[in-house]
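What follows is a single structure, written as structure tokens, with notes after it.
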Amino acid sequence: MTDPMTLAIAAAMAGAAVEASAEPARAALLDMARRVRERFRGRAADERALERATETPDEPERVEALEGVVRRVLDEDPEFGAEIESMWNEARTSVVAADEGVVNMFNGRSEKVVQMRDVNGQLNI
């Protein structure tokens, strides 16, 4: 099962188009990819997976194979994995609404969450 974070990092490492809604999020993703790529140095199998993915970044199978390697690298060092995940969460929450846009963010646990905008008329909860 693919994970959005590791798949995004793998795609960025492979040189695939990095789609992010805001420049800070894009920069953070490229930084995460750079840091994970550094972990690949000296690990022949990991370097080969990266090389194969960079040869054809538009082939989903190669990027998905690289995603598996990224996941393994993050799992091998839980502290590093937590650091990368923290960067991911910070990048996701740095989204800013503009032109009357709305960004609803909720992190954590809750039994009930209500998020809304522009309520016209009566509201009973």
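ALA91 satisfies every condition listed in (1) at pLDDT below 80; (2) outside any loop (DSSP other than H, G, I, E, B); (3) open to solvent by 70 Å² or more (accessible area, probe 1.4 Å) except (3). Do we find that ALA53 is at negative phi, modelled with pLDDT under 80, open to solvent by less than 40 Å² (accessible area, probe 1.4 Å) and in a helix (DSSP H, G or I) in this structure? Answer is no for this residue.
The values are calculated or read from the model by the stated rules, or taken from the named source; none is laboratory data. Here the structure is a predicted model, which is why all the values come from computation and not from measurement. What goes into the accessible areas is simple: the full protein's heavy atoms, side chains included, and nothing from ligands, DNA or RNA. Shrake-Rupley method; radii C 1.70, N 1.55, O 1.52, S 1.80 Å.
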